[in-house]
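The values are calculated or read from the model by the stated rules, or taken from the named source; none is laboratory data. Just so we're clear, the structure is a prediction, and the values are computed from it rather than from any experiment. All Cβ positions, even for glycine, are placed from backbone atoms using ideal geometry, and neighbour counts span all protein chains on display. Surface accessibility is based on the protein's heavy atoms, side chains included, excluding ligands, DNA and RNA. Shrake-Rupley method; radii C 1.70, N 1.55, O 1.52, S 1.80 Å.
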Amino acid sequence: MAIMPGVQFRPVPNKTTNGMKAHYGVVLHIMQGTLWGSDAWFRNPAAQASAHFGVGKDGTILQWVDTKDRAWAQAGGNSYWISIEHEGESGDSLTPEQIAADAKILTWAHKTHGVVLQSTDSVTGRGLGWHGMGGTAWGGHTACPGDPIKSQRAAILKAAGAADDSTSGTTTYTVKKGDTLSAIAKRYGTTVTKLVTLNKLKDADEIAVGQKLRIPAKDAPAAPQYEPFPGAAFFHGGRHSPIITAMGRRLVAEGCGRYNDGPGPDWTIADRNSYAAWQRKLGYTGDQADGIPGKTSWDKLRVPKS
């Protein structure tokens with residue numbers, strides 16, 4: 001059995017026993033709901049869905065499926081990836097408690113299954129991935145778990161201890177029974193020659209169970225930086241700022257641009273009309289869709305720092 005110590009193990013029927021072919025890494029998901037709502041849904045055989053772990057906004061960790069078994073979370077990726085569902089909605093950021101919980105799961109997966117402590121955006125990669133990276137083969141959920149959570153992978157890795165390893169450009173792997181150096185190199189996307197050199201091995205065919213090997217690690221991508229909400233009073237006639245240009249470009253990217261020219265750095269009626277379209281896209285009506293940015297809609301727009 002592969003049950004993480006210290007979590008609430010609540011086994012569900014939706015799984016494939018002994019179905020994991022390998023453990024490439026951990027995939028982040030968003031529930032579009034609550035932790036206990038998902039717990040109930042995964043107990044329904046008609047749902048045909050489950051995940052290995054679930055994390056509540058308060059940091060509560062549930063394990064629904066033993067990691068030797070295949071959870072039904074990401075279609076074509078189920079046989080190779082450990083899945084974590086998060087309480088919340090697409091577009092949410094993880095709470096600090098969820099980041100800490102994810103770090104615990106990732107550290108355990110690293111020690112138990114050799115999951116490498118790095119980010120990946122490839123279904124054949126290794127490390128910490130996200131549901132949408134699998135595209136159609138993984139169910140076509142390209143908005144799962146959303147850009148804010150994708151950008152928090154660096155924080156999860158840092159909390160899991162990856163920062164100390166990445167400073168030297170390596171991570172650590174503990175040799176298990178049946179391992180070969182070539183298999184380890186393939187798992188981590190490196191070469192036997194690099195492993196031999198990095199670990200100063202005399203013979204590539206002689207590695208021992210329990211031996212610690214240094215593995216070349218890829219740097220986790222830096223989290224994108226977004227403009228903090230400047231306040232509603234910032235947006236008025238005569239305002240000239242690169243923030244306005246960056247905002248306009250994001251509105252255009254979201255299909256809400258109402259510009260004949262631009263966008264540009266001057267606040268204009270076109271900016272206001274475009275932002276009103278964004279507010280309506282989010283479901284606001286009436287006075288709440290007046291085209292003057294508010295903090296909630298601004299944070300959801302994710303305007304990059306200019």
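Using a probe of 1.4 Å, the accessible surface attributed to residue 259 totals some 40 Å² when neighbouring protein chains are kept in position. The largest-to-smallest principal axis extents of the Cα set in the range 61-202 are 52, 30, 24 Å. Overall, the chain carries a charge dipole of about 740 debye about its Cα centre when +1 sits on the Cβ of Lys and Arg and -1 on the Cβ of Asp and Glu, all other atoms neutral.
Each peptide in 204-214, 87-97 was scored by the mean count of other Cβ atoms within 10 Å over its residues; highest first, the order is 87-97, 204-214.
Dipole of the chain computed with +1 at Lys/Arg Cβ and -1 at Asp/Glu Cβ about the Cα centre; of 71, 14, 204, farthest Cα towards the positive end is 204.
Directionally averaged projected area (the range 251-291, Cα convex hull): 2.7 nm². Debye-formula intensities of the range 1-57, expressed as log10 I(q)/I(0) at q = 0.30 Å⁻¹, are -1.49 (one equal scatterer per alpha-carbon, no solvent).
For the range 15-134, the Kirkwood estimate of hydrodynamic radius, built from reciprocal distances between every pair of different alpha carbons, is 14.1 Å. Take the Kirkwood radius over Cα pairs of the chain, plug it into Stokes-Einstein at 10 °C and 1.306 mPa s, and you get 74 µm²/s for translational diffusion.
Taking the longest Cα principal axis of the chain as reference, the axis of helix 242-253 is set at about 70 degrees.
Residue 153 contributes about 10 Å² of solvent-accessible surface, heavy atoms of the protein only, 1.4 Å probe. With the charge dipole of the chain set up from +1 on Lys and Arg Cβ and -1 on Asp and Glu Cβ about the Cα centre, the Cα lying farthest toward the positive end among the listed residues 297, 123, 253 is that of 123.
Take the range 186-276, drop everything but the C-alpha atoms, weight them equally and run the Debye formula without solvent; then report log10 I(q)/I(0) at 0.25 Å⁻¹ to two decimals. The Debye formula, applied to the Cα set alone, gives -1.23. Averaging Cα coordinates gives a centre for the range 232-260 and one for the range 284-306; these two points are 10 Å apart. How much of the accessible area of the chain, probe 1.4 Å, is carbon plus sulfur, in whole percent? Within the chain, the accessible surface is 52 percent carbon and sulfur. What is the helix-to-structure angle for 96-113, meaning the angle in degrees between its Cα long axis and the longest Cα principal axis of the chain, kept from 0 to 90 and rounded to the nearest 10? Value to nearest ten degrees: 30. Charge tally for residue 61 (other residues, Cβ to Cβ under 14 Å; Lys, Arg +1; Asp, Glu -1): -3. Normalising the average separation of contacting C-alpha pairs (under 8 angstrom, six or more residues apart) by the number of residues puts the relative contact order of the range 94-166 at 31 percent.
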